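Engineer: One structure, pasted below without further comment.
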Amino acid sequence: MYALVTGASRGIGRAIAMRLAQDGFQVIINYRSNDAEAEHTLAAIQEAGGQAELLKFDVSDAEAVEQNLTAWQAAHPDDYIAVLVNNAGVRKDELMVFLGNEDFENVLKTNLFSFFYVTKALVPTMIRHRFGRIVNMASLSGLKGLPGQTNYSASKGGLIAATKALAQEVAKKKITVNAVAPGFVKTDMVDGLPEDQLKMMIPAGRFGEPEEVASLVSFLCSKQASYITGECININGGLYS
């Protein structure tokens with residue numbers, strides 16, 4: 001069974017790809033530009049005995065999404081992508097009064113529009129097979145909003161709302177759609193943040209690990225999670241609920 005993880009070359013995406021490979025999925029590692037990191041993810045999965053392949057395209061480009069996923073399906077006529085993890089995301093933090101149109105639009109395209117492009121391409125096949133798992137990587141920022149992240153909060157808040165709507169559309173076809181909202185997790189996305197100060201705000205007293213997020217995603221992708229859909233599950237050490 002195939003699982004596509006977008007933005008899987010680093011950080012949480014890499015951890016998710018590696019965990020799904022451990023679960024027995026044949027993982028499709030999507031990435032946009034960092035060939036070296038993508039190859040590293042592929043090698044790590046293969047060295048651990050898993051199966052994976054690379055699929056390079058920009059999830060914010062509707063035409064690229066359609067072309068690459070159509071080509072993949074044509075090359076795998078007897079298979080389909082049963083699991084989709086919409087993980088690709090970017091940040092461009094700035095107070096709204098200084099935020100440029102381009103930085104607002106680019107964050108929305110990568111974090112929210114990509115959900116629509118990729119999911120729309122794969123859902124019809126999931127419906128035909130009457131099974132699918134879709135997990136969207138949201139954020140604490142999409143739940144409570146964070147200053148300096150008007151664009152990021154808008155994209156992740158929209159993703160949570162879209163998750164809840166789509167879940168109701170496809171539940172009868174045995175497809176679940178859920179979101180996972182991490183707090184502060186040790187990845188490149190939190191580089192530059194004052195970790196020592198922020199840890200004082202977190203009841204658990206620490207940042208999360210990518211592997212902890214991957215474990216949650218793993219469960220949501222399993223058959224055991226078939227009655228969980230339309231949910232946004234927080235994983236933030238008690239910071240917000």
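The values are calculated or read from the model by the stated rules, or taken from the named source; none is laboratory data. Predicted, not measured: the structure shown is a model, and the values here were computed from it. All Cβ positions, even for glycine, are placed from backbone atoms using ideal geometry, and neighbour counts span all protein chains on display. Each accessible area value is taken on the protein alone, full model and side chains, heavy atoms only, with ligands, DNA and RNA left out. Shrake-Rupley method; radii C 1.70, N 1.55, O 1.52, S 1.80 Å.
Engineer: Taking region 10-31 only, how many residues are over 14 Å from the mean Cα position of the chain (by Cα), surrounded by fewer than 22 Cβ atoms within 10 Å (Cβ to Cβ) and outside any helix (DSSP H, G or I)? Steps first, please.
Structural biologist: Looking only at region 10-31, we keep the residues that are over 14 Å from the mean Cα position of the chain (by Cα), and these are 21-26.
So of that shortlist, the ones also surrounded by fewer than 22 Cβ atoms within 10 Å (Cβ to Cβ) come out as 22-24, 26.
With outside any helix (DSSP H, G or I) added as a condition, the list becomes 23-24, 26.
Residues in region 10-31 being over 14 Å from the mean Cα position of the chain (by Cα), surrounded by fewer than 22 Cβ atoms within 10 Å (Cβ to Cβ) and outside any helix (DSSP H, G or I): 3 in total.
Engineer: Give me the pairs, please: first residue somewhere in region 1-20 and more than 18 Å from V118 (Cα to Cα), second residue anywhere and at pLDDT below 95 and part of a helix (DSSP H, G or I), beta-carbon distance under 9 Å, and either six or more positions apart or on two chains.
Structural biologist: From region 1-20, the pairs are R10/D188; G11/D188; G11/M189; I12/M189.
Engineer: Of the residues that make up region 122-140, is at least one surrounded by fewer than 20 Cβ atoms within 10 Å (Cβ to Cβ) and among the polar types (S, T, N, Q)?
Structural biologist: Scanning region 122-140 turns up at least one residue that is surrounded by fewer than 20 Cβ atoms within 10 Å (Cβ to Cβ) and among the polar types (S, T, N, Q).
Listed here are the residues, each with its yes/no results for (1) out of contact with any strand residue (DSSP E or B) (no Cβ under 8 Å at 6 or more places or on another chain); (2) more than 18 Å from T6 (Cβ to Cβ).
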site: E66; (1), (2): yes, no
site: P77; (1), (2): yes, yes
site: N86; (1), (2): no, no
site: F98; (1), (2): yes, yes
site: F104; (1), (2): yes, yes
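Engineer: Going through L166, L159, L198 one at a time, which residue ends up being open to solvent by 20 Å² or more (accessible area, probe 1.4 Å), assigned to a helix (DSSP H, G or I), on the phi < 0 side of the Ramachandran plot and in contact with a strand residue (DSSP E or B) (Cβ under 7 Å, 6 or more places away or on another chain)? Let's see the steps before the verdict.
Structural biologist: Values: L159 fails: open to solvent by 20 Å² or more (accessible area, probe 1.4 Å); L198 fails: in contact with a strand residue (DSSP E or B) (Cβ under 7 Å, 6 or more places away or on another chain).
Result: L166 is the single residue among L166, L159, L198 that is open to solvent by 20 Å² or more (accessible area, probe 1.4 Å), assigned to a helix (DSSP H, G or I), on the phi < 0 side of the Ramachandran plot and in contact with a strand residue (DSSP E or B) (Cβ under 7 Å, 6 or more places away or on another chain).
Engineer: Within region 122-150, which residues are under 22 Å from Y31 (Cβ atoms) and outside any helix (DSSP H, G or I)?
Structural biologist: Result: R133, I134, V135, N136, M137, A138, S139.
Engineer: From the list D93, D35, D23, D78, pick out the single residue that is farther than 25 Å from L220 by Cβ and touching a residue at least 40 places away in the same chain (Cβ under 8 Å). If you could, list the steps in order and put the result at the bottom.
Structural biologist: On the way: D35 fails: touching a residue at least 40 places away in the same chain (Cβ under 8 Å); D23 fails: farther than 25 Å from L220 by Cβ; D78 fails: touching a residue at least 40 places away in the same chain (Cβ under 8 Å).
Criteria check complete, one pass: D93.
Engineer: Of all residues in region 77-94, which are over 14 Å from S153 (Cβ atoms), in a loop (DSSP other than H, G, I, E, B) and touching a helix residue (DSSP H, G or I) at 6+ places or on another chain (Cβ under 8 Å)?
Structural biologist: The answer is Y80, N87, A88.
Engineer: Report whether or not L193 is aliphatic (A, V, I, L, M), modelled with pLDDT under 95 and not in a helix (DSSP H, G or I).
Structural biologist: Numbers: aliphatic (A, V, I, L, M): yes; modelled with pLDDT under 95: yes; not in a helix (DSSP H, G or I): yes.
Yes, satisfied.
Engineer: When you scan region 95-121, how many residues do you find that are open to solvent by 30 Å² or more (accessible area, probe 1.4 Å) and assigned to a helix (DSSP H, G or I)?
Structural biologist: 16
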